[in-house]
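Asks: I have a structure here, written as structure tokens, and I will follow up with some questions on it.
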Amino acid sequence: MGKRIPPPDSQGPIEPVNLRDALEERYLAYALSTIMHRALPDVRDGLKPVHRRLLYAMQQLRLVPQGEFRKCAKIVGDTMGNFHPHGNQAIYDALARLAQDFTVRYPLIDGQGNFGNIDGDNPAADRYTEARLTAVAAQLLNGIDEDTVDFRLNYDGRELEPSVLPANFPNLLANGASGIAVGMATSIPPHNAGELLDAALHLIKFPNATADKLVDFVPGPDLPTGGVIVEPREAIVAAYKIGRGSFRLRAKWVQEDTGRGTYQIVVTEIPYQVQKARLVARIAELLQLKKLPLLADVRDESAEDIRLVLEPKSRSVDPLLLMESLFKLTELETRLPLNMNVLSRGQVPNVVSLRQALREWLDHRQVVLVRRAKFRLAKIDHRLEVLDGYLIVYLNIDKVIKIIREKDEPKPVLMKAFKLTDVQAEAILNMRLRALRKLEEMEIKREHESLTKERKELKALLASKDRQWKWIADEIKALKDQFGQKTTLGRRRTNFAEAPEGVEVELAEAMIEKEPVTIVLSDKGWIRAIRGHQTAPESLTFKESDRLKSFVKAQTTDTLLLFATNGRFYSLGADKLPGGRGHGEPYRLMIDIEEVADAVELFVHQPGRKLLVASTSGHGFIVPEDEVLAQTRKGKQVLNVLADTEAVVCAPAEGDSVAVIGENRKLLLFPLEELPEMPRGKGVRLQRYKDGGLADAKAFDKKEGLTYIDSAKRSFTLSSAELREWWGVRAQAGRLPPKGFPKSGKFGSRFKDQ
């Protein structure tokens, strides 16, 4: 240990601080700073501090909508130097975003130059681009010089900056916002301003309007890039009611006929905030990986408008299925989050509903109106006071001139002689000689009358809440004329539709490239899929002491059913099985099956078919094949088996009769109708045994006779007449089979595809 060096005297004494307290205090300060001054927008003007400071700096530079453009470098420099002491690149990124018509629904900045594009390319450097305010930004700033909002000192105390803008535009919902703070985040998609203004007018009339009613006016987001929302109305209402939710958004597409029965699909609008170049690259990547079997090619033919061309694999491909496959695997369909986490009154972070957001904006507009009226009233009072002084001058013009000419300090003399106020006396002394014309006197009288009338109206406005709300409603109507749905900027871009139902099964089949495969299952449970149907069972090789158990011809689009000794059915996708190289993989890696259980039968699922299942105890029943499909790896229990028995038979229940043979080599035939049909259970007794159990069972057609295969793979058929002695009823013992019946006690292959 080295000698401890004491701190220099200049640093002062060291005070012990609890590390936990210090961390909590400092992290809390950081969290509050992030929430209040960076990440969350104010519910009143919908702006974060950086955006508010940018717009205010541009207003100070007089970059009005019809005025000149200025270099963005100048705007960024002024914003950084006067109001926002952060990196110039961060400020420029915020500025550029407000100018992008594919990012912001109602751009606040009118940009000149390269401000980036929907492909994800960055804007040009700030020294090359120029900007000015848009008409929407002008509405946000309208009245800022009339004491409508509070100002606070900037970061160095040399300038004043607005704490919020007057916001004569519902910017929070119209342009949306997104941000990540500490422990909270916000995500508000853009909406249609005209619809928001309609909802605000309704809210003025009916302050307790429900979310359901407001959704009649604001049916959902309206995004700058268009698209189609396929979210049900109930879900949209629920999201707006609590301020949280999401919207399913899809690209807009049309089908173009290319002649001779062929077609192509053209995507004209892509989801919000999806980069087109990345989207095209993703589709091309999936094409290479053969994950889009319905698609042949993708081309980007976009110019000013978006035009993505999708070519189907063949003209027989259903365009709806093709698009559903792309919606499922690519960003042609996205989820648009809604989390209306905002700063209420500029101080309290909380999640607001659609009604609350509009209500707080309207309340802010009322505060702005009252403050503006009071400011105007004070100006009028001051002007009337001055005008009263001017009128006194005109009545006593010669005396006033004499006092000014003769006295060294004329102001107090004037005030005493004509009972003038300080303001009036100062105004008289500052008058120009040309204002002494008779015409000017008449102008002053007219102005006095006009201002007196305006003063009376303002007093009435401040005294009546009803008048205030009527005034705000008139402002909103004027705003609607400027930015409503009938204008080019204000017409709705995002449409609504219902997603097609019941295409999942068709899509699942269509998504797999249909190819013939041969499924090989070994005795020890190894499974593989060999391409084509040309493979002969004799040519197969297996691990030592292993041999062939099942040999099934299928297609990659098929579902395979594996029936196990535990009475469970397991589903396997033919396209998911390991390839034919080597010996495959154990099927136990693909399903959850007990160690003691083993495979009984492997076959291709055929919808609508019925199966005969039975256990070694001789119990069995008929089950519809659609009922045995398993949705999980654990399979589906169908045949209930006891501890000392196991499932042994699974065969198609096709025909009108059943043949049952026991381990005691006794054969019994009876009508199929004697077996019950049920989805699950132990079943009924098929055959009675003194010792041993069931060896095999098979359904067949009495007219066609009973077919069996011997050990040499030769097929034999016994007619109904030849089997006369073995006919009986269910649950009898049966009798020894005809001469030549296989000693194995098995009827042979049960399924046609084996």
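Asks: Calculate one ³J(HN,Hα) per residue across the stretch 321-327 by plugging θ = phi - 60° into the Karplus curve 6.51 cos²θ - 1.76 cosθ + 1.60, and present them in order as whole Hz with x for glycine and proline.
Replies: Working through the residues one at a time gives 5, 4, 5, 4, 5, 6, 4 Hz.
Asks: Then there is this: Could you tell me the relative contact order of the stretch 511-726? Use alpha-carbon pairs under 8 Å, at least six residues apart, and round to a whole percent.
Replies: 17 percent
Asks: Additional query: Taking the mean number of other Cβ atoms within 10 Å as a proxy for protection, how do you rank 288-299, 440-451, 339-350 from highest to lowest?
Replies: 339-350, 288-299, 440-451
Asks: With each pseudo-label sitting 7 Å past Cα toward Cβ, what's the D156-A29 distance in nm, one decimal?
Replies: Taking the simple label geometry, D156 and A29 are separated by 2.2 nm.
Asks: Here is a follow-up. If you split all Cα-Cα distances of the chain into 10 Å bins from zero, what percentages do you get per bin, shortest first?
Replies: Calculated P(r), rounded to whole percents: 2, 10, 14, 13, 12, 11, 11, 9, 6, 4, 3, 2, 1, 1, 0, 0.
Asks: A follow-up question, please. Could you work out the relative contact order of the stretch 708-754, using alpha carbon pairs under 8 angstrom and six or more residues apart, expressed as a whole percent?
Replies: RCO, the stretch 708-754: 53 percent.
Asks: Still on this structure, I have one more. Please work out the Cα convex hull volume for the stretch 511-726 and give it in Å³ per residue.
Replies: 144 Å³
Asks: As an exercise, use a Förster radius of 41 Å and the Cβ-Cβ distance of V182 and D147 to find the FRET efficiency, rounded to the nearest 0.05.
Replies: So, using R0 = 41 Å, E works out to roughly 0.75.
Asks: Mind checking which aspartates and glutamates have their C-alpha under 14 Å from K416, skipping anything on the same chain fewer than 8 residues away?
Replies: E426
Asks: Please list, or write none, the lysines whose alpha carbon is within less than 22 Å of the alpha carbon of K205, excluding same-chain residues fewer than 8 places away.
Replies: Of all the lysines, those that pass the test against K205 - Cα under 22 Å, at least 8 places apart if same chain - are K213, K241, K465, K470, K477, K480.
Asks: Are there GluC sites (Glu not before Pro) in the stretch 288-365 that DSSP marks as loop and that have at most 15 other Cβ atoms within 10 Å, and which are they?
Replies: Sparse-neighbourhood loop GluC sites (Glu not before Pro): E301, E304.
Asks: Collect residues whose amide H, placed 1.01 Å from N in the peptide plane, falls under 5 Å from the amide H of I229; neighbours closer than 5 in sequence don't count.
Replies: Residues meeting the amide H criterion: R250, N495, F496, A497.
Asks: Count charges around I180 for me, please; just the other residues with Cβ under 13 Å from its Cβ, Lys/Arg as +1, Asp/Glu as -1.
Replies: +2
Asks: Among 403-415, 181-193, how do they line up by average Cβ neighbours within 10 Å per residue, starting with the highest?
Replies: So the order, starting with the most tightly packed, is 181-193, 403-415.
Asks: Moving on to the next point. Give me D for the stretch 47-166 in µm² s⁻¹, whole number, from Stokes-Einstein with Rh from the Kirkwood sum over alpha-carbon pairs, 10 °C and 1.306 mPa s.
Replies: Result for D is 111 µm²/s.
Asks: So, one more: With θ set to phi - 60°, apply the Karplus curve 6.51 cos²θ - 1.76 cosθ + 1.60 along the stretch 183-197 and write out the HN-Hα couplings as whole Hz, x wherever there is a Gly or Pro.
Replies: These are the phi-based 3J(HN,Hα) values: x, 7, 9, 9, 7, 10, x, x, 10, 7, 4, x, 5, 5, 5 Hz.
Asks: For an R0 of 25 angstrom, estimate the FRET efficiency from the Cβ-Cβ distance between M678 and L629 and round to the nearest 0.05.
Replies: Efficiency at R0 = 25 Å is approximately 0.95.
Asks: Now a separate question. Could you state, as a whole-number percent, how many of the C-alpha pairs of the stretch 252-331 are farther apart than 14 Å?
Replies: For the stretch 252-331, the fraction of Cα-Cα distances above 14 Å is 60 percent.
Asks: Which distance in nm do the two modelled labels at T487 and K402 give, with both placed 7 Å along the Cα-to-Cβ direction?
Replies: Here the answer is 6.2 nm between the modelled labels.
Asks: Follow-up. Give, as ranges by residue number, the residues of the stretch 166-184 whose backbone N falls under 12 Å from the point 7 Å along Cα→Cβ of R38.
Replies: 180-183
Asks: Continuing with this model, one more query. Once you've got the Cα coordinates, tell me which of K276/K486; K634/K746; K291/K553; K291/K514 are over 18 Å apart.
Replies: Exceeds cut-off: K276/K486; K634/K746; K291/K553.
Asks: While we're here: Can you grab the distance from the C-alpha centre of the stretch 220-297 to the C-alpha centre of the stretch 61-85, Å, no decimals?
Replies: The stretch 220-297 and the stretch 61-85 have Cα centres spaced 38 Å from each other.
Asks: Also, I was wondering about something else. Reachable aspartates and glutamates from K703, Cα under 17 Å, same-chain residues fewer than 8 places away excluded?
Replies: Cross-link targets: E654, D656, E673, E722, E725.
Asks: Amide H of E646: which non-local residues (sequence gap of 5 or more, or other chain) have their own amide H closer than 5 Å, using H built in the peptide plane?
Replies: T616, S617
Computed from the coordinates by the stated procedures, all read-outs in this text should not be read as laboratory data. Every value quoted in this text rests on a predicted model; they were computed, and no experiment measured them. Cβ atoms come from the backbone with ideal geometry, glycine included; neighbour counts cover every protein chain shown.
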